[in-house]
């Protein structure tokens, strides 16, 4: 068995390497069949069987390693039997036209220059024999070309003989040669038209065959010139080329209408599953589609009825099985594959839209939770400051300190209660923006009391007269001061100052200054733009503080970032929107 397989592979390799020589031998045996056979003699049948066998070895449709199906074997055997028992000049003309189409189609598809020349020579031989030998036999006008018989018999065979000595580029074993179906069909039809028109003119006019040939060839040439003008004219008429292109793009379905419907569904349907179901319903509305089933990342389904003709299409995570009433053609397969890709792109876009909506929804929860967490952290830090002050007072056993602590607690507990109530209100209704308005003087005094036990210096020449949004300023200042106090743990020599500047009618600004090291330039650049991971705790809190300040009409910025002077500033515009 292994020896048989080895011999089979070697034979395939030999056939692939010598396909041009097989073509030349096929044409030479065809020439012997045409010239040296007489009627339906046994010699003519023998030449044709030899020629047909060489054609089967050369034919460009099936791979040499492909197992033939029963219908293909029936076709090959049927053609051979019909030609063997019923050979005549009409069948010969049809056979030559088919061969001319196969070889002519290869002329437009071959890239190798040598193969190009080989197929031009072979097509020229076939057309010459069709015009100069076969058609005169059909018309009974062989005597009109009596002077050319010597040339036909002995000089035209030089074309296939030349192919034997031209080194063509061979194909790999099992590889199908390139064959342009459109040009093959077009050239085959031209050969048929040439043969039939020559026969019609010769029969009707009863003139010399040379005149028949001139009339037919020049008539065909004139017809091609007219057709080429209408194919791509230089007028307002779009031409046959555009009409044919539009037809090829709309085989079985109006392309523009279908795309328009899909785009409309993309606007109407908001979910991927809804869109894909609507698109599948649109697909089953086509007259040649009996049913469709699909499997996507998040949905699957089936519409219509199943059939024996199933074609599968895949695009990323979208898979579609199309049930048709008949087997779809290659052109229609490419067409539907393009439409499948369009549906897949719309489906992917819908999935991305849904993901973005979900992310925005979760982002809103995250922002709200993060801000509330930040507010709770500030409240707990204020409570911690009170507890720390109470511990220091207990250790001192000083009546004066105890009275000061009591006054501090009496002042701070109502404010802490208000901040806790405001935070609870945010939990109940995150979207509502509630303000706690206070006089600047009262707010400034409470700020100093909250940080009475911290090493912070407060400086203010004149306090502004206007009311401020105490909720927002408490959040921002607590963030800035807590970050600065955290910085002292790593840089003990750092001092902190809070400066109040009254700008009169132009507003006010509050600066929080520390004498520590400057921040990294990259962190400073993105400080209020996004969440930043930092060892000192900067980034997340300040990001939300800046968002709250902006909504309340304030502006939080980093005014200075130098070693020895890191200055944060929150300021109010002349006409604040608070």
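Data table
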| quantity | calculated |
| --- | --- |
| Any hit, the range 64-74, residues being modelled with pLDDT under 90, surrounded by fewer than 13 Cβ atoms within 10 Å (Cβ to Cβ), closer than 27 Å to residue 140 by Cβ and touching a helix residue (DSSP H, G or I) at 6+ places or on another chain (Cβ under 8 Å) | no |
| All strands (runs of 3 or more DSSP E) inside the range 382-494 with 3 or more residues being at pLDDT 65 or above and more than 60 Å from the chain's Cα centre (by Cα) | 456-460 |
| The listed residue being under 43 Å from the mean Cα position of the chain (by Cα), modelled with pLDDT of 80 or more and assigned by TED's automatic domain parsing to the domain that holds residue 466, out of 517, 550 | 550 |
| Within the range 142-165, considering residues that are crowded, with 18+ Cβ neighbours inside 10 Å and either in a helix (DSSP H, G or I) or at pLDDT below 85 (or both), the one nearest to the chain's Cα centre (by Cα) | 163 |
| Positions within the range 244-281 being surrounded by fewer than 16 Cβ atoms within 10 Å (Cβ to Cβ), at pLDDT 75 or above and over 17 Å from residue 353 (Cα atoms), in sequence order | 260, 261, 281 |
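The values are calculated or read from the model by the stated rules, or taken from the named source; none is laboratory data. Small disclaimer: the values here were computed from a predicted structure and weren't measured. Don't worry about glycine lacking a Cβ; one is built from the backbone with ideal geometry, like all the others, and counts go over all protein chains shown.
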